[in-house]
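A.B. asks: Handing you this structure, nothing more for now.
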Amino acid sequence: MSKKKLLNSKDIEIILHRLACQLIENHNDFSNTVLIGLQPRGTFLANRLMDLLKTAYHIKDLKLGLLDITFYRDDFRRKETPLAAETTKIDFLIEDKKVVIIDDVLYSGRSVRAALTAIQSYGRPENIELLVLIDRRFSRHLPIQPNYRGRQVDAINKERVLVTWKETDKKDAVYIE
Amino acid sequence: MQGLSVAHLLGIKYLNINDIDLIFKTADHFKEVINRPIKKVPSLRDITIANLFFENSTRTKLSFELAEKRLSADVINFSAGQSSVKKGETLIDTVNNILSMKVDIVVMRHGNVGAGVFLSKHVNAKIINAGDGTHEHPTQALLDSYSIREKLGTVKGKKIVIVGDILHSRVALSNIFALKLQGAEVKVCGPTTLIPKYITSLGVTVENNLKKALEWCDVANVLRVQHERMDIKYFPSTREYTQLFGINQDILDSLGKKIVIMHPGPINRGVEITSNVADSDQSIILNQVENGVAVRMAIIYLLAQQIKR
């Protein structure tokens with residue numbers, strides 16, 4: 001199947017700055033806000049946003065947690081191979097905090113549904129928002145929409161949106177294949 | 001990721017090193033889960049598990065039940081003492097009746113060696129051996145190895161002595177299999193009467209002098225003296241056993257190094273181990289109990305992955 005580039009590294013950089021500014025508009029100094037990156041791929045976006053907020057926008061004391069949702073997924077035992085968990089690292093309480101869940105691609109909404117369940121294990125947040133780099137419109141199985149989106153993509157179901165990050169894949173890019 | 005190579009957990013001897021690595025890796029994640037403010041995940045919400053305990057048990061039964069409930073499975077408990085087994089019902093009939101209630105996984109402790117293997121051939125459910133006679137106790141051995149790995153970083157190359165009643169212990173046999181598989185050196189120590197003749201064929205050495213064994217080892221796994229399984233007198237008196245094979249602070253102080261002390265419980269305090277040693281900072285007995293829940297969650301989770309509706 002042919003692979004078409006949707007976003008290059010420059011596009012992604014611009015989008016990250018825009019997302020960071022949108023977050024600041026709603027969360028000011030982030031004193032009552034925590035960022036939660038979804039394992040495995042959402043953590044790259046979450047780390048990148050956190051670095052940007054700290055270095056370019058001088059936000060101090062920003063809290064970032066990494067959440068694995070494997071044990072909360074609804075496709076347990078529907079796959080041929082076992083679902084391997086990643087590390088969950090949340091060393092703060094989210095009770096009464098504003099939580100921003102961060103993932104790279106929003107597709108069916110099932111991962112976010114699992115994350116909403118998983119996050120309850122860390123307390124009762126004041127509210128939860130969703131930030132994604134790519135919002136695949138028209139592919140949702142559940143009534144879940146992002147509060148912040150980098151780019152909206154219309155892709156048919158057989159197509160796959162692939163996000164690469166320079167930390168693991170050598171370059172920042174988004175492809176559709 | 002590959003799953004477990006086995007369909008049931010009947011004994012350590014059926015596992016390979018990849019299975020053990022997978023169980024430990026999964027247990028690491030569950031250990032994080034059980035230390036959260038809310039210690040429950042919904043993974044097994046459509047799985048029913050029967051705990052069949054034909055022999056008495058406190059900690060293993062509680063540990064399994066907690067593991068199952070923290071995975072959100074439905075749990076039914078069965079104790080032979082209050083059941084129709086007393087009226088002469090056979091094992092197969094008991095289990096088949098329970099399985100008719102649509103049970104997916106059976107956790108069974110039984111007094112007879114091979115009861116789990118027998119059951120796995122006759123019923124259509126995943127079987128987890130929670131101890132079969134004097135044969136195997138695989139989940140205890142896995143949590144013991146997991147605890148050693150947690151304390152010392154690795155099991156490979158470590159020197160471990162199993163002290164006490166080897167003859168009647170299913171924990172000793174499963175531990176020997178698990179530790180050898182992971183590359184540890186294993187020694188057994190106890191009265192000659194309580195060490196089976198075949199034991200060296202499993203790749204372990206025998207030491208009858210407790211002091212020498214402790215000087216050699218990094219970890220001492222102390223076993224309970226199982227009076228209830230002894231049909232004859234294996235040693236002259238409990239007092240003599242304690243003098244020769246009991247672990248106390250004096251003998252530990254004389255070693256010139258700090259070894260790790262383990263015990264699968266329940267402890268005969270003052271017999272195989274003194275209270276101050278059991279409660280000392282060298283002891284990881286309570287870590288073993290905590291790790292037991294995480295390791296059992298991992299085993300149940302991995303076996304449940306194989307169940308297809």
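The values are calculated or read from the model by the stated rules, or taken from the named source; none is laboratory data. Since we're looking at a predicted model, the values are computed, not measured. Cβ: placed from backbone, ideal geometry, glycine included. Neighbour counts: every protein chain shown. To get the accessible areas, we keep the full protein, side chains included, count just its heavy atoms, and leave off ligands, DNA and RNA. Shrake-Rupley method; radii C 1.70, N 1.55, O 1.52, S 1.80 Å.
A.B. asks: Just wondering, is there one or more residues in the range A:83-95 that are within 30 Å of B:K31 (Cβ to Cβ), open to solvent by less than 70 Å² (accessible area, probe 1.4 Å) and touching a Leu at 6+ places or on another chain (Cβ under 7 Å)?
C.D. replies: Yes: one or more hits.
A.B. asks: List pairs: first residue in the range B:23-38 and more than 8 Å from chain A (Cβ to nearest Cβ), second residue β-branched (V, I, T) and crowded, with 20+ Cβ neighbours inside 10 Å anywhere in the structure, Cβ distance under 7 angstrom, at least six positions apart or on different chains.
C.D. replies: Every condition considered, the pairs that remain are B:I23/B:V295; B:I23/B:I299; B:A27/B:V295; B:I34/B:V293.
A.B. asks: Okay, next question. Test each condition in (1) open to solvent by 10 Å² or more (accessible area, probe 1.4 Å); (2) modelled with pLDDT under 90; (3) more than 23 Å from B:K197 (Cβ to Cβ) for B:V95 and report the one that comes out false.
C.D. replies: With respect to (1) open to solvent by 10 Å² or more (accessible area, probe 1.4 Å); (2) modelled with pLDDT under 90; (3) more than 23 Å from B:K197 (Cβ to Cβ), B:V95 is out only on (1).
A.B. asks: Among the residues of the range A:77-95, are any under 14 Å from the mean Cα position of the chain (by Cα), part of a loop (DSSP other than H, G, I, E, B) and among the small types (G, A, S)?
C.D. replies: no
A.B. asks: Considering only residues that are closer than 24 Å to B:T242 by Cα and crowded, with 16+ Cβ neighbours inside 10 Å, look in the range B:283-309 and name the one that is nearest to the chain's Cα centre (by Cα).
C.D. replies: By that ranking, first place goes to B:Q288.
A.B. asks: Could you please let me know if B:S63 is at pLDDT 80 or above, open to solvent by less than 30 Å² (accessible area, probe 1.4 Å), part of a loop (DSSP other than H, G, I, E, B) and among the polar types (S, T, N, Q)?
C.D. replies: No.
A.B. asks: Please give the number of the condition A:P143 fails out of (1) at pLDDT 95 or above; (2) touching a Ser or Thr at 6+ places or on another chain (Cβ under 7 Å); (3) part of a loop (DSSP other than H, G, I, E, B).
C.D. replies: The single condition A:P143 does not satisfy is (2).
A.B. asks: Regarding A:L53, is this residue modelled with pLDDT of 95 or more and within 14 Å of chain B (Cβ to nearest Cβ)?
C.D. replies: no
A.B. asks: Output yes when any residue across the range B:201-218 is open to solvent by 10 Å² or more (accessible area, probe 1.4 Å), within 25 Å of B:D21 (Cα to Cα), more than 14 Å from every other protein chain (Cβ to nearest Cβ) and not aliphatic (A, V, I, L, M), and no when none is.
C.D. replies: The answer is yes; a qualifying residue exists.
A.B. asks: Here is a check on your reading of the model: is B:I232 surrounded by 13 or more Cβ atoms within 10 Å (Cβ to Cβ) and either in a loop (DSSP other than H, G, I, E, B) or modelled with pLDDT of 90 or more (or both)?
C.D. replies: The answer is no for B:I232.
A.B. asks: Across the range A:98-124, what is the number of residues that are within 14 Å of chain B (Cβ to nearest Cβ) and surrounded by fewer than 20 Cβ atoms within 10 Å (Cβ to Cβ)?
C.D. replies: Total satisfying the criteria: 8.
A.B. asks: Enumerate the strands (runs of 3 or more DSSP E) found wholly within the range B:103-184, keeping only those where 3 or more residues are closer than 21 Å to B:N18 by Cβ.
C.D. replies: B:126-132
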